[in-house]
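To start, the structure under review is shown below, and the notes come after it.
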Ligand SMILES: [Zn+2]
């Protein structure tokens, strides 16, 4: 059985001012044998695809795998380069018995608001109507009817932080094997509740998602069901399909797929009263964190969620740490120029410089810090455990630590790096358990790494392109009405 495997993954924040181009994908863009090596042993669904393919005895045709850190809209140029290369390699792989495709599901290109829908449309066009195409998507997909229409079966991760990517990929490969063998006839139904599911309540270990996902998991294991998934959606993409979704794949029973998709969608809709947002602002969050004896206190800077496409240089919390003289706090700021300046000064030097707030005017002003250069690092670190995103090898670029007042550390890195791994700071010699405050530029995904060591967690409603409250954004392309933006 000849099976093509491919992945193009990007979560595109349409409010971000910096585009995602070739340079952002380049670090993680592989084809052929190099792709097999890169993805042979990670916690990503691509590894699940390969594992399941080996198990099924597939002859794997590795097309292309490319990912980039969430950020602004993907340029038309790199979008066409990625998709073009995928299609050329797909054509060369014929004849095929099936295909496994990994997409994020919330990619927006300069030309296509539904970037993933366009990928599956063109892949289907080339495959023809009969070759099974099994698609996996991120829990933050803004799932469209187009994606469902052009695929044979769709599976979505069921965890956020995403720690089940590999098993979902494995499940997709096993399902493809049964489809190719003619054992099952997948039929899909999509339902989208007319709402925005704010990021604060997208933790799948907490209610209301926990119960709804348990319901979906039990249904997936029931007779005649092939896959049952739901997505919380990605509110930072101003596109028609923005919002949560349910996709049910039954074995040859369209009425049941429809009924169950609608039922789960209704359950999401009925959870509205559990989605309230009452969070402290930056000043209050820092005040509470300084006073807390449940340490380390993790302050979550929601408006600068790097994994949600934010720049990573917001000074909303840092400015308060400095102003309030917070003790033993750690804040990582993406600022390559400041990092270079501090590295040039050298360990032990006294520095006085402005950091952060440089990408745009939505994430605070640069903050003046004065202190001593504590250490300098190459920024590479390894994460062996399944953490959000499934990535094992990381590189935050040249990194410097400046010790400010009261043992507070300003960490300046040179590549936007979401806080998915505690090794991001422990590899720099920081002992998190000895700190009073750890600032993460995140929403939910950091939890897999930080919850095990957190004394307490304070989520802060800070401004930025990943601000927690969707009412802060001016949407022009989303569908209407959507709760809570347009009322009930
Ligand atoms: Zn996600």
Please rank 450, 234, 334, fewest neighbouring Cβ atoms within 10 Å first, as an exposure proxy.
450, 334, 234
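How high is the relative contact order of the chain, given as a whole-number percent (alpha carbon pairs under 8 Å, six or more residues apart)? List each step's numbers first, then the result.
Numbers: 1210 pairs, mean separation 81.9, N = 488.
Here the relative contact order equals 17 percent.
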In 5 Å bins starting at zero, report the fraction of Cα pairs in region 1-148 per bin as a rounded %.
2, 10, 21, 23, 22, 14, 6, 2, 0, 0
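Under the classification rounded if a/c is under 1.5, otherwise prolate if a/b is larger than b/c and oblate if not, where does region 1-86 fall, given a ≥ b ≥ c as square roots of the Cα gyration tensor eigenvalues?
Prolate is the answer for region 1-86, as a/c is 1.5 or above and a/b outweighs b/c.
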What share of the DSSP beta bridges in the chain is antiparallel, in percent to the nearest 5?
45
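May I ask you to derive the relative contact order of region 187-248, considering only C-alpha pairs under 8 Å and at least 6 residues apart, and to give it as an integer percent?
This gives 45 percent for region 187-248.
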Range of Cα positions in region 72-156 per principal axis (Å), largest first
37, 26, 15
Decide, for region 282-468, between rounded, prolate and oblate: order the square roots of the alpha carbon gyration tensor eigenvalues as a ≥ b ≥ c, take rounded if a/c falls under 1.5, and otherwise choose prolate if a/b is larger than b/c, else oblate.
rounded
How much mean residue ellipticity at 222 nm does the chain get from its helices, if each DSSP H run of length 4 or more adds -39500 (n - 2.57) and you divide by all residues, to the nearest 500 deg cm²/dmol?
-8500 deg cm²/dmol
I need the Debye-formula profile for region 2-274: one equal scatterer per C-alpha, no solvent, reported as log10 I(q)/I(0) at q = 0.07, 0.14 1/Å, two decimals.
-0.22, -0.93
Kindly express, to the nearest 10 degrees and within the range 0 to 90, the angle between helix 282-291's C-alpha long axis and the longest C-alpha principal axis of the chain.
70
Sorted by packing (mean other beta-carbon atoms within 10 Å per residue), highest first, where do 58-67, 222-231 land?
58-67, 222-231
So how many Å³ per residue does the convex hull of the Cα atoms of the chain work out to?
128
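Would you order 131, 453, 376, 199 from fewest to most other beta-carbon atoms within 10 Å of each residue's own beta-carbon?
Final ranking by Cβ density, sparse to dense: 453, 376, 131, 199.
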Proxy reagent accessibility, fewest Cβ within 10 Å first, across 382, 43:
382, 43
What is the distance, in nm, between label points placed 7 Å from the Cα along the Cα-to-Cβ direction at residue 111 and at residue 178?
3.8
Would you mind checking the tilt of helix 165-180 against the longest principal axis of the Cα atoms of the chain, expressed as 0 to 90 degrees and rounded to 10?
10
Angle, helix 209-220 long axis vs. longest principal axis of the chain, Cα atoms, 0 to 90°, nearest 10?
20
Could you tell me the extents of region 109-228's C-alpha atoms along the three principal axes, largest first, rounded to whole Å?
41, 41, 25
Between region 427-488 and region 34-81, how far is it from one alpha carbon centroid to the other, in angstrom?
28
Answer rounded, prolate or oblate for region 357-413, using the Cα gyration tensor with square roots of eigenvalues a ≥ b ≥ c: rounded when a/c is under 1.5, else prolate when a/b is larger than b/c, else oblate.
oblate
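Where a number appears in this text, it was derived from the coordinates with a stated rule and is not lab data. In this text the structure is predicted, and so the values were computed from the model without any measurement. Heads up, the Cβs are rebuilt from the backbone with ideal geometry, glycines too, and the neighbour counts pull from every protein chain shown.
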